[in-house]
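> There's a structure below that I have some questions on.
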Amino acid sequence: MGASVDGSVASGTRTPAPARALRGLLPVLGAHRGMAVRTFGAALGGQVALVVLVTLAAHGVGAAVVDGAAPDAGTVGALLGLVLLRSLATWREMDLSHDLAYRVLAELRVRVFDGLARSAPARIAGRRSGDLASAALGDVEALEFFYAHAVAQLLASGAVFATGAAVLGFVDPWLLGAVLPAAGLLVLGPLLDGRGRAARGARTREAAAALSAETVETVDGLRELLAFGALDRRRARLRAYGRRLGDAQRAEHTWEAGAAAVRDLLVVAAVVGVVAAAAHTLSGPWAPAAMALALGCLAPVADSAAALGQAGGLRAAAARVGAAIGARAGAPATGRPVPLPDGPLGLRLRGVRFDYGGTDVLAGVDLVVRPGETVALVGASGAGKSTVAHLLARFWDPGDGVVEIVGDHAVDVRHLADTDLRRAVAVVGQDAPLFHGTLAENLRIAAPDAPDERVREVAELCGIGHLVSGLAVGERGATLSGGQRARVALGRALLAEPRVLVLDETTANLDAAGEADLAEALAAAPGAETRTTVLIAHRPSTIRRADRIAVLDGGRVVQTGIWEALTGEDGPFRTLLTRTEP
C-alpha cells in the first residue's frame, strides 16, 4: 500500500474522537508541572479568599442589622486583608495561567509543525495552505482559553465547592440539600450538551479554516484576479465565506448566552432554597452568612460550567491539533541507522510497487543507475516519474520492493539516517518553493554554513550571479521569473554538493538557451564527474544529454538504452517522442 491523496493512508493518522481530543492534550502540561501547580494554588487562594470574604461580610452586615453591633477592628482588618489577598491571588493566577498557556501553545505549535513536516508530503497533499495555517496557528491559538482558564479553574472550583458543601452540611443538612441539586445540574448541563457544543465548535473552526484558505489564495492570486477582472467575484466569494463564519459564531454565542442565563437561574434557585432552609434553622447574622457561603460555593461552579461549555466548543480545534501532532511519517525513521557507503553512489530499485490508495502507480519497477551515470527517466504524464523521485528522496516508502543506495555495498534507504540521506541525495522539482528573504538565504537552505564566496560561485555557475547581492526574493519567489526560480532551485542543490541529484522537470520553465546554460552548470559544478544524476524530463534536448534512457510505462521500466539505439528502433520511446514533438 502507498499513500492516499489526503494522507490518511500514508500517514496512518486518524483524527482523535472529539470527546477525547482535549484530554489528549492534557499531557503537554507535564513539562510545566511546577507552573501548573502554582497556577492552581493561586486560583485556589483567590477563590477561597472570595468565599471567606463574602461569608464574613454577610455575617458582619447581618450582625449590624439584627443585633445593631458594628464590626470590630479585627473583623474590619480581616475583611481588608481578604480583599488584598483576593486581589493579589487573582492577579497572580492570571499572570501564571497566561504564562503557562502561552508556553504550552508555543510547544504545541512546534509539535504541530513537526507533525506536518514528519508526514509531508503525504499529509499535506491536496490540502490548502490556508487550511494548514489555520491548523498550525488558529486552532492552537484557540486552545489558549483551555490552558489559561479551564484546567486550574475546574480543579480549584471543585476543591472550594467540596469544602463549602461540607461546611453547609455540618451547619444544616437542609442547606446542603438546597445547594447540591443546583451544583449537579450546573455540571451536568455542559456534559449532556457536549456533542452539540462540539458540533457547533466544529462548524466555527471549519468555517474559519475555509475563510483562511480562501484569503491566502486570494492574496497569492491578486495579480491574476486583477488581470482577468475577477476580483469582484472573488470579493463576493470571500463575503460568502465571511457570512458563513459569522453565522457559525452567532449560533455558538447565542447558545452560550442561553446557557449562561440557565446557569444564573440555577444559582438564584439554590440561593432561594438556602434562604428558605436558613429561615427555619438559623437565626441572627448566621442566616445571611449561610446564604453568602452557598452563593460563594456555587459561583465558581457556575464559572466552571461556563468554562466546560466553552472548552467543549474547542474540541474540534483540539482534534485537529491532536491529529497534526500524532501524524505518522510516510517514511518512519529507522531505529538503528547504518552509514552511507563511501565514494560515488548509484541507485537501484528492485520490484518497487506504490499506489496512492488505489491503482498501482508503480507496479514492479526495476532500475539500476550506476555511480557517476546520468539516466533520463521518461514516460507519459502520470506514468509515475515524480513518484520515483519522491521514493528516492524517501518522502514515502514503497508498498513493496526496495530502493537502495549503492556504492561499494548496497544500503536500503529505509536503513539510513534522514540527515545522511538528505546530504547524499538532492531532489529538485519543477516548482521548488522559494522563501521570503534574500537570494543568498534561499541558496543557503541546504547548506546554511556555506561561505559567501561559495554562494557567489554557485550563483554565477547557475546564471544568477548578478542577482545574488542583496536581492530580496518575494514570498514564493514572486519577484523572480520562472526561469530564475529554476536556477535558484538548482543552485540550492549544487551548493549542498550531493552525490546523487534528481532533477524532476527542473528545466521545464526554461527556454532552449537557458536549458543549455544549466546543463553546462551541471557539468562544471564540483563533483560532476562522480555525481549520479537522474533526469526526469520530456524535452528531447534534455533527454539526449543523458548517458542512458529508461522508459516508464504501465508502472514498469519497459525499455532502456542510449539515445541512438532507442530512436533507431520501434518501441515505447519512439512512440513517446512522436507524442511530445511539436
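> Would you mention how many residues in the stretch 351-385 are out of contact with any strand residue (DSSP E or B) (no Cβ under 8 Å at 6 or more places or on another chain) and part of a strand (DSSP E or B)?
0
> OK, next. When the residues of the stretch 55-113 are narrowed to those that are of a type in the set (A, V, I, L, M) and outside any helix (DSSP H, G or I), which ends up surrounded by the most Cβ atoms within 10 Å (Cβ to Cβ)?
Ala69
> So which residues in the stretch 430-465 are surrounded by fewer than 18 Cβ atoms within 10 Å (Cβ to Cβ), in contact with a Lys or Arg (Cβ under 8 Å, 6 or more places away or on another chain) and assigned to a helix (DSSP H, G or I), if there are any at all?
Hit for the stretch 430-465 is Gly465, nothing else.
> If Asp264 satisfies all but one of (1) loosely packed, with under 15 Cβ neighbours inside 10 Å; (2) in contact (Cβ under 8 Å) with a residue 60 or more places away in the chain; (3) among the charged types (D, E, K, R), what's the number of the condition it fails?
(2)
> Quick one: is Glu217 in the same structural domain as Val65 (by TED's automatic domain parsing), closer than 23 Å to Arg20 by Cα and among the charged types (D, E, K, R)?
no
> Shifting gears a bit: Regarding Leu298, is this residue of a type in the set (A, V, I, L, M), modelled with pLDDT of 75 or more and in contact with a strand residue (DSSP E or B) (Cβ under 6 Å, 6 or more places away or on another chain)?
Spelling it out, it is not the case that Leu298 is of a type in the set (A, V, I, L, M), modelled with pLDDT of 75 or more and in contact with a strand residue (DSSP E or B) (Cβ under 6 Å, 6 or more places away or on another chain).
> Before we move on, is Val268 closer than 30 Å to Arg86 by Cα and touching a Leu at 6+ places or on another chain (Cβ under 6 Å)?
No; evaluated as a whole, the condition is false for this residue.
> I need a count of the residues in the stretch 312-331 that are more than 16 Å from Val104 (Cβ to Cβ) and either free of Cβ contacts under 8 Å to residues at least 24 places away in the same chain or part of a helix (DSSP H, G or I) (or both).
Looking only at that region, the number is 7.
> Let me ask you something else. Return the pair list, or none, for Cβ contacts closer than 7 Å from residues in the stretch 232-252 that are surrounded by 13 or more Cβ atoms within 10 Å (Cβ to Cβ) to residues that are among the acidic types (Asp, Glu), at least 6 apart or on different chains.
Between residues of the stretch 232-252 that are surrounded by 13 or more Cβ atoms within 10 Å (Cβ to Cβ) and residues that are among the acidic types (Asp, Glu), the close pairs are Arg237/Glu214; Leu238/Glu214; Tyr241/Glu214.
> Please indicate, with yes or no, whether at least one residue in the stretch 488-507 is within 14 Å of Ala376 (Cα to Cα), at pLDDT below 80, assigned to a loop (DSSP other than H, G, I, E, B) and of a type in the set (S, T, N, Q).
The answer is yes; a qualifying residue exists.
The values are calculated or read from the model by the stated rules, or taken from the named source; none is laboratory data. This structure is a prediction, so every number in the text was calculated from the model and none was measured. Please note: Cβ atoms are built from the backbone with ideal geometry, for glycine as well, and neighbour counts cover all protein chains shown.
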